[in-house]
Amino acid sequence: MVLFSRSFVRKRVISLATTVAVSATSFAFAEDPAKTHHVHGTVPIQYAADRPDHPEEQPFLSENAAAMKEMMADMTINPTGDVDRDFVAMMVPHHQGAVDMAKAELKYGHNERLRRLAREIVAKQQQEIKVMRDAVGDRQSSASTLPAPIDGSVGPDGMKMKMSH
């Protein structure tokens, strides 16, 4: 009499192997959590923009690197104590960064599906920026009601000033 069928044993072996693999991965990440977001062979875009490997891609990479740098700087604010205003102050640059990157895709990209998506991103993110500003009673012309970025890139009139980097 056969106690376990081949199918039963095979499924249990696969299940055990999967459990061991997941456990080993979890322990490895627990020992060095900094490696959880590292993909071997990748280069952050701000460094890729300086590489001569693909000169035809340089303008695209440079524009994206600038958009990311500006977005990250503008998302760093002095908290006001008003969670809603602080949220909007951080999210508007985040959404504007998406708009700027989508515009770079439209300027340099060739894949029509991605270009269509980029157009949708521009439209939707600009609409969401407006909704957020309206929700806290901010109008683009009165941006001084939002907390200023820590780097001081908002001028005395409350309008964002372009910083030369």
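Just a few scattered comments:
- Long-range neighbours under 9 Å by Cβ, at least six apart or interchain, first residue within 15 Å of M132 (Cβ to Cβ) within region 70-87, second surrounded by fewer than 14 Cβ atoms within 10 Å (Cβ to Cβ) and of a type in the set (A, V, I, L, M): I77/I150; D84/A135
- Of the listed requirements (1) open to solvent by 50 Å² or more (accessible area, probe 1.4 Å); (2) touching a helix residue (DSSP H, G or I) at 6+ places or on another chain (Cβ under 9 Å), V136 misses just one: (1).
Yes or no, residue by residue, for (1) more than 17 Å from A66 (Cα to Cα); (2) surrounded by 15 or more Cβ atoms within 10 Å (Cβ to Cβ):
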| site | (1), (2) |
| --- | --- |
| T80 | yes, no |
| D86 | yes, yes |
| V92 | no, yes |
| A102 | no, yes |
| K107 | no, no |
| E112 | yes, no |
| R116 | yes, no |
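The values are calculated or read from the model by the stated rules, or taken from the named source; none is laboratory data. Computed from a predicted model, the values in this text were never measured in an experiment. Quick reminder, even Gly has a Cβ in these numbers, built from the backbone with ideal geometry, and neighbours come from all protein chains shown. To get the accessible areas, we keep the full protein, side chains included, count just its heavy atoms, and leave off ligands, DNA and RNA. Shrake-Rupley method; radii C 1.70, N 1.55, O 1.52, S 1.80 Å.
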